[in-house]
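Please read the structure below before turning to the comments.
Every number here is computed from the coordinates shown, using simple stated rules; none is lab data. Values in this document were obtained by computation on a predicted structure and should not be read as measured data. Cβ sites come from the backbone with ideal geometry, for glycine too, and all protein chains shown count toward neighbours.
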Amino acid sequence: MAPSTSPTGSLEVLAQSLPTQPRFLASDNTSGICPEALEYMLIANREDDLAYGNDAWTERATNQFRELFETDCDVFFVFNGTAANSLALASLCQSYHSVICHELAHIETDECGGPEFFSNGSKLLNVSGPHGKVTPESIERMVTRRHDIHYPQPRVVSITQATELGTLYSLDELSAIQDTARAHDLKIHMDGARFANACAALDVAPAEMTWKRGVDVLCFSGTKNGTAFGEAILFFDRALARDFEYRCKQAGQLASKMRFIAAPWLGLLESGAWRTNALHANAMAKRLVEGVARLGVNTMFPAEANAVFLELPVRAQQRLRDKGWTFYTFIGEGGVRFVCSWNTTVELIDSLVDDINSVLAVAD
Ligand SMILES: *Cc1c(COP(=O)(O)O)cnc(C)c1O
């Protein structure tokens, strides 16, 4: 076969060979960059600035986080969520400590051992709990079952808000986890890959959801909210952030042109898009839930943020794929997962509902 003459040419050939145009609801990271983030990125590109986070954009974004969270936290930027979680957890643990998390937590199932690797061996202790949530009882059981020298001492509770199953911890549930964690001298880490969706869905201020509920470190995703890449790590207990910049550098996570992570973040924060993007994504998920409910299809878990899990026959799943729909079936407890984002349209959701209707109507 002759080599293609240009990358564009080969993409066109690929598009023509696909049976139908792909339609993306597999995750909120299939979406592009939202206008607010892109605009700030372009403004940041007009003038040069210092490297390694010593630039004006990083300072402005850091201060904007402090304003939004109503506290004087330490803020760091890394490229992705796996690094954010792994390095944050490593800063909370010695290698002989352990981290209590849900068995379906991203840190357990989707980070290729990153948290264990960067902490030099801190063990993840899995607990189960309904709807992807860690419960105070499950924490209590894990902490109290052993106290001997042979057991990796629990040091951290990690919770994901919104959870991997698209559910939410209520403020009361977070308070209960805080009480249990404090009683056993455990730090609290929050994986906020979809933190914005949680704040928007519960109509709660970021401070209420985090340090006012005992969260020591938050990994707040920009990528899933509308930036190209870049996550913010917020240390509410600033003593825990000691030497964290060295940890980032050693892990290859210190961006030399950090302003291009910070500026899009500032765009999200100053415009309020971090919240309006999340509100929109949540509303689209709700529309999907209501649409499939009219077809008699139930969700597997309460769809409280921007992810929807459906139980669909395997044949129906294949027919949806043939129609171009992209989705994952390996996340959480299985099922067909659709995730909405800042640019998911009403038309896209309605055409998905129509297609689910038609694939279910075909006799098996
Ligand atoms: C997407 C996601 C992350 C971060 O994943 P990266 O691909 O490493 O950026 C972390 N936690 C949860 C729950 C996620 O969904």
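Reachable lysines from Lys286, Cα under 20 Å, same-chain residues fewer than 8 places away excluded?
Lys224
Taking neighbour Cβ counts within 10 Å as the exposure measure, how do Asp48, Asp191 sort from fewest upward? Walk me through the numbers before you get to the answer.
Numbers: Asp48 10, Asp191 28.
Taking fewest neighbouring Cβ atoms as first place, the list is Asp48, Asp191.
Considering only C-alpha atoms, what is the centroid distance from region 299-320 to region 124-193, in Å?
Taking the Cα centre of each part, region 299-320 and region 124-193 sit 27 Å apart.
Arranged by the count of other C-beta atoms within 10 angstrom, fewest first, what order do Thr299, Thr144 take?
Values: Thr299 18, Thr144 10.
Listing Thr299, Thr144 from fewest to most nearby Cβ atoms yields Thr144, Thr299.
Pull up the DSSP beta bridges for the chain and report the antiparallel fraction as a percent, rounded to 5. Write out the running numbers ahead of the final one.
Details: 16 of 36 bridges.
If I count the DSSP bridges inside the chain, around 45 percent turn out antiparallel.
For the peptides 278-286, 106-114, what is the packing order when you average, over each peptide's residues, the other Cβ atoms within 10 Å and list the highest mean first? Numbers along the way, then the final one.
Details: 278-286: 22.8, 106-114: 18.0.
Top to bottom by mean Cβ count within 10 Å: 278-286, 106-114.
Sorted by packing (mean other beta-carbon atoms within 10 Å per residue), highest first, where do 350-358, 147-155 land? Present the calculation step by step, with values, prior to reporting the outcome.
Details: 350-358: 17.0, 147-155: 13.3.
Taking the mean over residues of other Cβ atoms within 10 Å, the ranking is 350-358, 147-155.
Return Lys123, Lys257 ranked ascending by Cβ neighbour count within 10 Å, so the fewest neighbours appear first.
Numbers: Lys123 19, Lys257 16.
Going from sparsest to densest Cβ surroundings: Lys257, Lys123.
Only helical DSSP H runs with n ≥ 4 go in: add -39500 (n - 2.57) per run for the chain, normalise by residue count and round the 222 nm mean residue ellipticity to 500 deg cm²/dmol. Before the final figure, lay out each step's value.
Working: 15 runs with 156 residues, N = 364.
Taken over the chain, the calculation gives -12500 deg cm²/dmol.
For region 257-267, in order, what is each residue's ³J(HN,Hα) by Karplus, 6.51 cos²θ - 1.76 cosθ + 1.60 with θ = phi - 60°, in whole Hz (x at glycine and Pro)?
Using θ = phi - 60°, the values come out as 9, 4, 4, 7, 8, 5, 5, x, 4, 4, x Hz.
Give the peptides 310-320, 132-142, 82-92 in descending order of average Cβ contacts within 10 Å, highest first. Don't jump to the answer; show the numbers that get you there.
On the way: 310-320: 15.7, 132-142: 19.2, 82-92: 25.3.
Packing order, densest peptide first, comes out as 82-92, 132-142, 310-320.
Tell me the relative contact order for the chain as a rounded percent, counting alpha carbon contacts under 8 Å between residues six or more apart. If you can, show how the numbers build up before the last one.
Working: 674 pairs, mean separation 88.9, N = 364.
Reported relative contact order: 24 percent.
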